[in-house]
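The structure appears below as structure tokens.
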Amino acid sequence: MLGGGAVRQGLLRARDVTLGVELGNRIRLAATPLGRMRGLLGCEGLGSGEGLWIRPTNSIHMFFMRFPIDALFLTRDLGVVRVVRDLAPWRMVGPVWSAWSVLELPAGTLARAGCAIGDQIDIRQAAGIRGTTEGESET
């Protein structure tokens, strides 16, 4: 579990440990001010298994977005403190005072998985999947 620790290069995978369900295996990290500000802007959508882990933050907005998302608001220990399903463009959520980060996923992911407040999430390096996280260039 990465929590507040260092993230190695590459993509991440997120799993709801409480339910034993994978939430995504191509999760990008947004941990710098520019990365958090940019978020998913400019994306056409999120494919199955894709997502964005924004840290630190306790609120999100969907201004200028073109597609809905699901969002899990997580404590520093990656416990779920708020579940937002099908957040539409031009909406916002926050602040969630007990949250330290937000995991953004394709709309419908959380309903299919059954995620709930109190679940424990594990986020770690996605084994065998090479990609880029914020601040890293693709070579």
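FYI, it's all coordinate maths here, none of it is from the lab. This structure is a prediction, so every number in the text was calculated from the model and none was measured. In this analysis, Cβ positions are derived from the backbone assuming ideal geometry, glycine residues included, and neighbour counts consider all displayed protein chains.
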Quick one: what do you get for the range 12-125 if you divide its Cα Rg by 2.2 N^0.38 Å? 0.93
Can you tell me how much longer the chain between Leu34 and Asp86 gets when fully stretched, taken as 0.36 nm per residue apart minus their C-alpha distance, in nm with one decimal? 16.2 nm
Give me the percent of DSSP beta bridges within the range 1-128 that run antiparallel, rounded to the nearest 5. 85 percent
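When Lys and Arg each count +1 and Asp and Glu each count -1, what net charge do the other residues less than 9 Å away from Leu52, Cβ to Cβ, add up to? Don't skip to the answer; put the middle values down first.
Working: positive: Arg28; negative: Glu50, Glu104.
The answer is -1.
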